[in-house]
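The values are calculated or read from the model by the stated rules, or taken from the named source; none is laboratory data. Here the structure is a predicted model, which means the values were calculated and not measured. FYI the Cβ positions are ideal-geometry reconstructions off the backbone, even for glycines, and counts take in every protein chain you see.
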Amino acid sequence: MSTRRPYTPDRTVLFGPQTINLLAGSNGDNVVIARLNDEDTRFLVTNIILENVYQKGAGVRVTQPQVTATNGANNISAAFNYSAANDDVGFFNQLALVANPVPVITGTDTTIVPPLPSQPEALIIDKTIVGEGQVTATKARTNGVATVTTGAAHGFTTGDLITITGFTDTSFNAVDACVTVVNTTTFTYENAGADVVSAPDVTGNVGALKVNAYAIGIYW
């Protein structure tokens, strides 16, 4: 029997925080928040909490992110609700637990290689719907600096770190781009690539929405 199993009074366990960017990437991106590599250990998930830790310029156009806690076969799903108009940093969302939720996560003595489809020894947050921020209006690039305008006030301040995603020209997409604000609808950021003449482009989404994911459960 393993000597790594927790002492009885310590069997209520918190995994996390694991920071997740809910505006970045594509549907299906996933992040492991709980992993067991001890074959004698089990973990029963009792609660999944998402904490809003960084929100910038959610904008007028908002798609609420949808996340799933899964081990590859059994899921707990819930929307992460946040306000487009207000700064919700510090607020928590609890994923809706259902009858017979994600079952016991089972330890293993082998190397765990995520991602899905099946990870009985790991609990994964799967971004099934990625949130959308403020929609873009134009884009351009000159001497390694991109200039983007948005269709409505972006709400950024100089120094904000934002996600830029969805552009058909993927060279403009970035995570944690540090912006310089020009005016209420225009900002710039460092962006390597050939010069691009300013032109309409409504395919992009810009903003920042990062959460800390916590998994609470019983260890034995």
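So is GLY207 in a strand (DSSP E or B), in contact (Cβ under 8 Å) with a residue 40 or more places away in the chain and within 30 Å of THR46 (Cβ to Cβ) or not? Talk me through it step by step, then tell me what you get.
Numbers: in a strand (DSSP E or B): yes; in contact (Cβ under 8 Å) with a residue 40 or more places away in the chain: yes; within 30 Å of THR46 (Cβ to Cβ): no.
In short, no.
Restricting the search to segment 192-207, which residues are at pLDDT 95 or above and of a type in the set (Ser, Thr, Tyr)?
SER198
Out of (1) outside any strand (DSSP E or B); (2) at pLDDT below 80, what's the single condition that is false for LEU23?
All conditions are met except number (2).
Return yes or no: is VAL179 under 23 Å from THR19 (Cα atoms) and either assigned by TED's automatic domain parsing to the domain that holds GLY57 or without any contact (Cβ under 8 Å) to a residue 40 or more places away in the chain (or both)?
Values: under 23 Å from THR19 (Cα atoms): yes; either assigned by TED's automatic domain parsing to the domain that holds GLY57 or without any contact (Cβ under 8 Å) to a residue 40 or more places away in the chain (or both): yes.
Taking the combined requirement at face value, the residue satisfies it.
Check VAL182 against each of (1) touching a strand residue (DSSP E or B) at 6+ places or on another chain (Cβ under 7 Å); (2) buried (at least 17 other Cβ atoms within 10 Å of the Cβ) and name the one condition it does not meet.
Unmet condition: (2).
Determine whether segment 157-167 contains at least one residue that is of a type in the set (Phe, Trp, Tyr), part of a strand (DSSP E or B) and touching a residue at least 12 places away in the same chain (Cβ under 8 Å).
Keep residues of segment 157-167 that are of a type in the set (Phe, Trp, Tyr), which gives 167.
Next cut, part of a strand (DSSP E or B) only: none.
No, every residue in segment 157-167 fails to be of a type in the set (Phe, Trp, Tyr), part of a strand (DSSP E or B) and touching a residue at least 12 places away in the same chain (Cβ under 8 Å).
If GLN55 passes every condition in (1) assigned to a strand (DSSP E or B); (2) at pLDDT 70 or above; (3) closer than 30 Å to ASN37 by Cα; (4) not aliphatic (A, V, I, L, M) but one, which one does it miss?
The single condition GLN55 does not satisfy is (3).
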